[in-house]
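Data first, discussion second: the structure below is written as structure tokens.
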Ligand code: NAD
Ligand code: UGA
């Protein structure tokens, strides 16, 4: 079959895999190839056991793989044979040198730019899909257009807004597609090419365009605003616990103001995931770089409150369990950073496990999808940790349950049965406010929700 366009994506991760599967699914007239330097990841994409769990992903990969969707390790051939190249490599926080702990580590990104230059034999549109500091496209242009040859490159910014756990639905029905370009004739033409691809399934009014710097910055700002809402509600949850106000009631009352809106106002044990903290710290670093220290401080506090919320959770466990956790067995319900994903990157569960182990507690972890990643995260950590898939078995003999991920399966467990096998007094610390607190209290548990009065028998 002759395909209309040949599209490549460099980076077969949580973004590259699902986004390209969706483009292939919606555009059978185009051929889509995803490449990665990690051969085992590519092998998994080519197997029945995909490297990431995402509801609905299996179906669209099965419908397209081998037809117009291909996974490969041939980066050189991929660059040579495709006209549109998405770059979706990881951009973690830098861990060394200047900006360590804050700035984005752009080494993978720059390596990719150099590979594109090295292997290209024809002009290309290069699309920034990764989340990048504002002005990264300038660096990319400098690398790609350094040598004046007949091969030219147009850089576009097309940030991805999908959330894990709902990636397929988010890709299918996005709130918006944002495409930024250089304000030149060829920049506009490149942008139109990408608009045409998305227009295969996204209504035109949802495809918005801007200059390239606004597009790069909008992505980081969107994440910063979402995380800021969570830190705002979590900060108020601490006040609720002191005043007998109920965070769910406050959140509902506040969120019903249409100017505020109701989403991202669920109090929790803190936000996790690979991006919120990384992107805010990146924003903080950018502001510091431009001498905007007050602005930097403002955003850094969003991360500080998130840390505070996790530590508060631990201290609440400690004080309510007679100021010692040593030798006590605590079961963690959930290790993924949110429900419906196996991803555990920056999950509050990692910090909480390590802190509980410092207090010499014994930890039992249960999670329907994330135990493999949990084991990897905790490899080499000292202390007693076990991993048990069945929540009923996991709680046996435990003194407390800490609900850390809002998996539906935890909402409707048989808590009477669970209570009967636990050490008494048995406590539940609900870091997600998903279980029926009154019912568990009536069964006999001491219940400690987030941002609500505790229900205790003593
Ligand atoms: P990831 O770590 O899951 O995937 C990145 C992939 O890139 C890895 O498989 C890695 O092997 C590969 N890679 C790195 N360097 C390479 C190179 N030179 N050549 C080929 N492959 C290379 O990361 P991710 O979660 O998919 O995130 C990618 C980017 O998208 C980040 O900038 C992130 O901030 C952004 N983003 C992520 C999400 C999300 O939900 N995870 C959502 C929106 C945006
Ligand atoms: C987030 C954004 O929602 C996406 O738009 C963005 O594309 C993505 O980051 C990214 O750039 O990586 P994601 O991290 O996958 O997506 O998941 P979210 O649903 O946003 O949840 C993030 C964290 O916040 C989770 O730990 C979640 O449990 C927590 N959260 C979310 C709360 O604690 N309270 C809420 O009300 C909402």
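Only the coordinates and a few stated rules stand behind these numbers; no lab work does. No experiment lies behind these values; they were computed from the predicted model shown. Every residue, glycine among them, receives a Cβ derived from its backbone with ideal geometry; neighbour counts consider all protein chains shown.
Some notes on this structure:
- For the stretch 66-187, the Kirkwood radius over C-alpha pairs fed into Stokes-Einstein at 37 °C and 0.692 mPa s yields D = 206 µm² per second.
- Residues listed by number, the stretch 401-424, amide nitrogen under 15 Å from residue 58 label point at 7 Å toward C-beta: none
- Potential extension, residue 456-residue 98 segment - 0.36 nm per residue separation minus Cα distance: 123.9 nm
- When 422, 1 are sorted by how many other C-beta atoms sit within 10 angstrom of their C-beta, beginning with the fewest, the order is 1, 422.
- Residue 323-residue 424 pseudo-label distance in nm [points 7 Å out on the Cα-to-Cβ vector]: 2.6
- With 0.36 nm allotted per residue and the present C-alpha distance subtracted, the residue 225-residue 80 stretch has 48.3 nm of extension available.
- The stretch 222-291 and the stretch 422-457 have Cα centres separated by 24 Å.
- Span from the the stretch 37-73 Cα centroid across to the the stretch 108-138 one, whole angstrom: 23
- Subtracting the Cα-Cα distance of residue 163 and residue 38 from their residue separation scaled by 0.36 nm leaves 42.7 nm.
- Projected over every direction and averaged, the convex hull enclosing the alpha-carbon atoms of the chain yields 23.4 nm².
- Helix 16-26 vs. the chain, principal-axis angle (Cα, 0 to 90°, nearest 10): 60
- Least to most buried among 70, 225 (fewest other Cβ within 10 Å first): 225, 70
- Calculation over all alpha carbon pairs of the stretch 228-382 in 5 angstrom steps from 0 returns a P(r) of 2, 8, 15, 17, 18, 18, 12, 7, 3, 1 percent.
- Of every Cα-Cα pair in the stretch 1-138, the percent that sits beyond 28 Å: 18
- Diffusion coefficient, µm² s⁻¹, Stokes-Einstein with Kirkwood Rh over alpha-carbon pairs of the stretch 293-376 at 4 °C and 1.567 mPa s: 92
- Taking other C-beta atoms within 10 angstrom as a stand-in for reagent exposure, 407, 213 fall in the order 213, 407, fewest first.
- Here the spin labels are modelled as points 7 Å beyond Cα on the Cα-Cβ line, and at residue 294 and residue 185 they lie 4.6 nm apart.
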